[in-house]
Structure formats: C-alpha cells, structure tokens
Amino acid sequence: MTTRASMGGFELFTQIAFGTPFDPKKVKKIKNENSRRNKRKRLKETQNEQTDYHFSKKRNSKHESSDSSEDSEIEANSEAPKIAVKKKEKKRLSAMQLFKIRKEEVAHFRKVNRIYLTGEDVPDPIEEFNQLVTDYGVDDTILHNIYNLGYSKPTPIQMQALPLMLHNRQILASAPTGSGKTAAFLVPLIHSLKTHEEGGLRAVIIAPTRELVKQIHSFCLKLSEGTSVRSVVIENVKEIEKNPKFLEEHDILISTPNRLIYMLKNDPPIVTIKNVQWLIVDECDKLFETGKEGTSFRDQLAFIYNACDSSNLKRALFSATFSQEVETWCKLYLDSLVCVSIGAKNSAVQSVKQELLFVGCEGGKLFALRNSFQEGFMPPCLIFVQSKERAKELYSEIVYTQQRVGVIHADLSQEERDKVVKNFTDGKIWTLICTELMGRGIDFKDVKLVINYDFPPSGIAYIHRIGRTGRAGATGRAITYFTSDDVENLKTIAQVIKDAGCEVPSYIMNLKTKKKRRTEFNRPIKREKITTASTYDVERHINNKKRKKQNEKEGCVLVPCIYSYVYTAGIKICIK
C-alpha cells in the first residue's frame, strides 16, 4: 500500500474525491466566504492607510513652519474672490442688457414723437413734467406755473430741449409753429438763474419784432411767478439813460437787436452784457438774413455776440425754420452743439387745411375775398399782404363792407400797434390785415383762418404765415391766392403743401419753372394797386393831392368853392 507522501497530486485528488457526492451549494458557500474574507481584508487595508495618512498629516503639521500655514490661508482666500468676480461679471452683463434695452426704448420714443437730433452725449428726453423735479431738481413753483399755463404733458420740442438746456448744452432747435418753443427755453433759463443776483444782467433773449418781445416777456412773467428772477423789456431808452442802475436790478433782458445795439453803442454804454450766462435767439433764421451792410439782422447779431465775452456764455437758437447756412454757422462756432428738429425740417403744420386758389389777376383777389366774406367764415381771421402800402389799400377797400376790420403795419406808432393787437386778442377786431411783421412768432389764440392775399415770397415765409393758425394741436385753415405773375414761385409753395399731406393739383406740380438766383427769388413782385375805382378817378385824386401840396408850399390862398365829395371804393374823391 502506497503512502500519501509517495502519491502524486492527481492520484491523491482522485482517491480523496472518490466516492464523495458532488454538492454545488457547498461550492457557492465556499465562494461567498472567500469573497467576504477578501472584502474584510480590503477594508482593513484602507482603514490602516487612512489612519497612517491622518497620523502623518498631524505629525507634519506640528513640525511644519509658519510659511506653510500662510500659504494655505492665501490659497483659501484666493478661492473666495474668484467666486465674487464671477458674481460681479453676472451683474455687469445684466447692467449692459438693461442699458441696451433702455437705449432701444429711448430710440423708439424719439421715433414716435418725431424727434431727430445730431450731437454727442445727448441726455434722454423727458416724458412727464414731474421728471424736471425728480431728475433735475427744478423748483415746485416753476412746475406749478407750467401747469397753470395749460400744459399737461410736454410737447416733443420740450421733451428734448428741456434736458439739453438743463445740462448746459448749446442747442439749435427747429420745431413747427405753435409747438411750445418759448416754454422750452424759458423753463431751464429760469431754473439756471434760480434767484435774483445783483451785479447786472445774466441772460439776454433776442427776437426780431417788438410784438414778439412783449409776448415772450409776458410768458416769462407767468413762468417766473413765485421766484425772485426778474425780466425786463426796454420800451423807453431815455428813462434808462436817466437811471442806468435800473437794469442792474434785473436778471433777464428781452429786446430786439436794433434797440440793444443802440444801448451798447451809446457813450457811455447804457447796458453791459459782459456777465451774461445765456444768450437765446428766437426766430434765429430771420436774424441771419442778409441785407444792407451794418443794418442787416446778421450784422446786428454778430455785434451782440462780440459784446457777450463771458467765458461761461452758452447759446440757444430756436425757430420754426432754418436754412443750411444757419446750421453750418452753428456747427463751426458753437462747442458741443446739439441740433434738434421735430418732424421734417422747414415743414408746415399738418393740423392746417391748406388750399391754393387761382384768381387770375389782382382784381380777382378782391373779388375772391368778398366772396369768402359773403359765404361766411369763423373769425378771427388774418390777411397777409406783402407791403404796408398794400395793407393800407386793402383796408380802405373792405373797411366799409366788412365789420370789425383792423390793420397793422410799421408806419403805426408802438402804442397804436399795441392797441390793435389787444383789440384783436379781445375779439373787438375779427379780421386783421397785416404784413410779414405779424408772421413771426406771434401767438394769437384760436385763429381759424389765414388768407395769403399776396403770394408769399418763399416757402419759409409761407410756413410762418400759416403757422398763426392750427397752434397747440388745434385745427385751422389757410387759403393762398395766386395769379399768373406768381407762377415762378408756385411750385415751391405747392411742395410744402404736399409734404404736409394736403392735396395739390397735378398740373401745378408738373409746372416747369426757371431756376432763379437767390436774390431774385426773394425780390417782391411789383403789383397793381388794390382798388375798385377807375383809373381816371384814381389819377384825378392823385393830381388833386399833388396840387394841394404845391399850394401849401407856395402859400397860395384857395378861393372858397363848392365841392362835392364822392366815396368810390373807400377813396375820398373831390369833384369841383
């Protein structure tokens, strides 16, 4: 019998396993027990490694220098700002998005209100008058005065011009007639001056006519009520010469350029404008017109500019129309200028119904005018003619046929002109005959009808004439008579009417006219006299006047005779 030691491995396995039954469950149990043992060994190994790691870390931390602890603090602190920077970056992105949204909203708001501008760093327009108090610190009394004048919401020119002038920016503004330009420059002017200060004038407002000067002054008094800001209009220069300190008691001077220059050229000067902070020019395009040297508005304006030599001087120019020449001059000589225009430049008011009426000849105008009176119209009415002589002639023709008719022209004294304007505003005069004198800036409330008896010399003159009606959102009507002599200028006016959305006959737009020089275009047309009397009666009347003057010069004594007087179309004709 062989021993187990001498047996091979295979033989030993066969003998041991011989006769034993095979049980697969026992094999699974053995396998599970082996895997459990292996897991326990692995857990013990990992636990030992962790304890060794923590033990070594504590031992190293005790023996490490202070530099290592500082490094760890720096690393810990360096992680915190990284998180803060990420948060700031998120905030910056949101701020940029808000800025873009706000910019788009402002652009849309300007587009809706037809506000067009050129310039850099332009402030956002205002939407309500309350923003003047919250955003710009305007006094509540000024805001109260604005509401008392009937304004509930700013007009488009006020939306943009008010923030610009409150930021002390120089501005060239163009807006339709009756759109609130006067309040647009008076409100920031009164706010910037704030209170009365002794030491002379601090603001000067220039306007082309005395009527417009007085209108601005009355408006300024209403807006500055409750403040200590004082404004003045010089009506009598001799009184100022006697009391030169009178002007030092005021802050704002409102004047025509001619009167201001007279006071500046006086020896010694009656007024000084060296400390002026604001120079405002209303109807600036009229004041830039050329004429005789030394007497033109442009030369007068240049003299006033040179007299204002303050380093803090700011300029603001306003008008319903302005030429390219005015804009180029402002861009050359005014720093940080912003040009603002409401709607299309040099455009008529869209709230006025405009008509062109062909009357054939000069006699047809008078016939058409009397027909319009017979058909009936809603007063008050303005009738524009091209000269003071024609204003007198038309007045003499209709004064006996039409009730409540008045006339105003440059030959009248200032007192007479003021009386006529007052009677027209009070309703005592229903129909007022006037020249271009009344075509600029005068704010007659509720004028229903404007008749251009004589064709306007230019598109700008036409815009200002019909701008006396349809003011502040009201509706109006404008009729323009034209004859065969006015065909050369007809297409220019027709284009203005068409751009305003009114109908114009196609044959007028298709007219071919010769290009005229600038001086020829503005030259008034020689027209026949306005009269219904025969040429024989007119010549006889003129000759009688000449004979009277000669007899008065020679000192002849007239023999008393019997005369009979005949009134023909308003002309007193003497028949011997």
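The values are calculated or read from the model by the stated rules, or taken from the named source; none is laboratory data. Just so it is clear, the structure is predicted and the values come from calculations on it, not from any experiment. Here the Cβ is made from the backbone with ideal geometry for all residues, glycine too, and neighbour counts use every protein chain on show. Quick note on the areas: whole protein, heavy atoms, side chains included, nothing else; ligands and nucleic acids left out. Shrake-Rupley method; radii C 1.70, N 1.55, O 1.52, S 1.80 Å.
A few comments on the model shown:
- Neighbourhood charge, 12 Å Cβ-Cβ cut-off, centred on residue 502 and excluding it, Lys, Arg +1 and Asp, Glu -1: 0
- Inter-site label distance for residue 540 and residue 511 at 7 Å from Cα along Cβ, in nm: 3.9 nm
- Averaged per residue, segment 367-465 has 43 square angstrom of accessible surface, using a 1.4 angstrom probe with ligands and nucleic acids left out.
- Taking only the alpha carbons of segment 150-243, we obtain Rg and Dmax values of 14.5, 45 Å in that order.
- A Cα-only calculation for segment 331-487 places Rg and Dmax at 16.6, 57 Å.
- Subset of 428/498; 245/286; 181/422; 274/445 violating a 27 Å alpha-carbon distance limit: 428/498; 245/286; 274/445
- A convex hull fitted to the Cα coordinates of segment 224-279 yields 98 cubic angstrom per residue.
- With protein chains left intact and a 1.4 Å probe, residues in segment 99-237 average 45 Å² of accessible area per residue.
- Share of carbon and sulfur in the accessible heavy-atom surface of segment 206-338 [1.4 Å probe, %]: 46 percent
- Residue separation of residue 108 and residue 241 scaled by 0.36 nm, minus their Cα-Cα distance, works out to 42.5 nm of gained length.
- Using the Cβ-Cβ distance between residue 550 and residue 116 with R0 set to 56 Å, the FRET efficiency works out to roughly 0.35.
- Its relative contact order, with pairs defined as Cα atoms under 8 Å and 6+ residues apart, puts segment 247-367 at 23 percent.
- Nearest-10 value in Å² for the accessible area of residue 96, using the 1.4 Å probe: 110 Å²
- Rounded to whole Å, the principal axis extents of the Cα atoms in segment 268-374 read 60, 37, 23, largest first.
- Net lengthening on full extension, residue 350/residue 248 (0.36 nm per residue, minus Cα-Cα): 32.3 nm
- The residues packed around residue 412, meaning those with a beta-carbon under 11 Å from its beta-carbon, carry a net charge of 0 if Lys and Arg are +1 and Asp and Glu are -1.
- Gained length - residue 402 relative to residue 422, 0.36 nm times residue gap less alpha-carbon distance: 5.2 nm
- Segment 97-136 - percent of accessible surface contributed by carbon and sulfur, probe 1.4 Å: 52 percent
- Peptides 325-332, 174-181 ordered by average Cβ neighbours within 10 Å, highest first: 174-181, 325-332
- With a simple spin-label model that places each label point 7 Å from the Cα along the Cα-to-Cβ direction, the separation between residue 144 and residue 195 comes to 1.8 nm.
- Calculated FRET value between residue 267 and residue 448, using beta carbons and R₀ = 56 Å, to 0.05: 0.65
- Solvent-accessible ranking of 508, 101, largest area first, probe 1.4 Å: 101, 508
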